[in-house]
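Right, one structure below, let's go through it.
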Amino acid sequence: MTKPRDYRKATEYEERPEQIKHREERNRARAQLAKTSGKALSGRDVAHIKSLGKGGTDAPANLRVESIRKNRSWRKGQKGYNVPKDV
């Protein structure tokens with residue numbers, strides 16, 4: 001049986017200043033890539049080659065477009081995780 005999610009703990013994590021900064025950088029990168037490609041990124045995600053958590057930046061050289069499944073499946077195989085089906 002899986003342990004229920006602690007939403008209070010998740011909210012505390014998401015409200016940390018460094019996480020807010022990373023979220024802003026991800027949103028900016030997504031908008032920048034959509035603008036340069038000239039089309040919406042429906043069904044696709046903007047992936048950072050070197051993740052923000054490991055010191056990567058949102059410079060164009062560190063960005064690539066990937067499918068949602070590929071970009072979000074790095075946790076595949078971990079207990080209780082399913083790749084989200086947004087689109």
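Distance check, please: which entries in Lys21/Lys70; Lys21/Lys54; Lys3/Lys54 exceed 19 angstrom between their Cα atoms?
Going by Cα-Cα distance, Lys21/Lys70; Lys3/Lys54 fall outside the 19 Å limit.
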For Val65, distant residues with modelled amide H under 5 Å away: Ala47
Proportion of all alpha-carbon pairs of segment 7-75 beyond 21 Å (%): 29 percent
Would you calculate the separation in nanometres between label points at Arg23 and Arg8, each defined as 7 Å from the Cα along the Cα-to-beta-carbon direction? 2.0 nm
Which of Val65, Leu33, Ile20 sits farthest toward the positive end of the charge dipole of segment 7-75, with +1 on the Cβ of Lys and Arg and -1 on the Cβ of Asp and Glu? Val65
Loop-resident trypsin sites (Lys or Arg not before Pro) in segment 30-62 with no more than 13 other Cβ atoms inside 10 Å, DSSP not H/G/I/E/B, are Lys39, Lys50
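Every number in this text was worked out from the coordinates using simple rules, so none of it is lab data. In this text the structure is predicted, and so the values were computed from the model without any measurement. Counting neighbours? That spans all protein chains shown, and the Cβs are built from the backbone with ideal geometry, glycine included.
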